[in-house]
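Q: Right, I'll just put the structure down here and ask away after.
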Amino acid sequence: MMPRKKLGGALGEMFKTALEPPVTEQYPFGRKVVAERFRGRLDVDPVKCTGCSVCEVVCPAGVITMVPVGKKTIGSREVEVKRPSFDLYTCISCGQCVDDCRFGALTLTHDFELAVFDKKSLIMKKALQVGK
Ligand code: SF4
Ligand code: SF4
C-alpha cells in the first residue's frame with residue numbers, strides 16, 4: 001500500500017493537472033509542424049530525371065531499380081532508355097540519392113505519413129511514364 005505522504009502528493013498532482021489543457025497533440029486533427037530539414041517521403045520530378053542511374057548505384061538500401069522504358073537513337077546507336085522505380089517501404093530517408101542526383105530530380109518531402117496496409121502501395125513509378 002502506498003504511504004500516506006506519497007498518496008497525498010499524487011492526489012495533489014492529479015487535481016493540479018486535471019485543470020490543465022492536454023499536452024498531447026490531437027493527431028490527425030492537430031498536425032505536427034516538422035523541422036525545415038526533416039527528411040520524409042522521397043519524391044521524384046519525372047521531367048527532370050534523365051535516367052542516369054546514379055541514384056540506383058548510391059542508394060544503400062536497394063530502394064531504386066532502373067526499369068527499361070524504351071529505346072532511343074544516339075548517332076548510329078540505339079540505346080535503352082531507363083527510369084527509376086522506388087520501393088519506398090525500404091527507404092531510410094538518408095538523402096544520398098538526393099545529394100547525388102545532379103539534375104535535381106529528387107527531394108525528401110515533409111510527408112511522414114507512410115503507414116499503409118499494403119506495402120506495394122509505397123512503390124513509386126511516376127518517373128516511368130515520362131521516360132517512355
Ligand atoms: S533521379 Fe536523378 S540520379 Fe536518379 S536516374 Fe533520375 S536523374 Fe539520375
Ligand atoms: S533516401 Fe537513401 S535510402 Fe531512400 S532512396 Fe534515397 S539513397 Fe535510398
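Only the coordinates and a few stated rules stand behind these numbers; no lab work does. All values reported here derive from a predicted model rather than from experimental measurement. Using ideal geometry, Cβ is built from the backbone for each residue, glycine included, and neighbour counts are taken over all protein chains shown.
Q: What is the angle, in °, between the Cα long axis of helix 4-18 and the longest principal axis of the Cα atoms in the chain? Nearest 10 is fine, range 0 to 90.
A: 50
Q: Just going by the charge dipole of the chain, with Lys and Arg at +1 and Asp and Glu at -1 on Cβ, which of Ala127, Gly40, Gln26 is farthest out on the positive end?
A: Of the options given, the answer is Gln26.
Q: Using the 4.7 Å Cβ rule, please list in number order the cysteines from the chain without any candidate partner.
A: Cys49, Cys52, Cys59, Cys91, Cys94, Cys101
Q: How large is ³J(HN,Hα) for each residue in segment 97-104, as worked out from phi by the Karplus curve 6.51 cos²θ - 1.76 cosθ + 1.60 (θ = phi - 60°), to whole Hz, x for Gly and Pro?
A: The phi angles translate into 5, 5, 5, 9, 6, 6, 9, x Hz.
Q: With +1 on each Lys and Arg Cβ and -1 on each Asp and Glu Cβ, how big is the dipole of segment 32-131 about its Cα centre, in debye rounded to the nearest 20?
A: The dipole of segment 32-131 has a size of about 220 debye.
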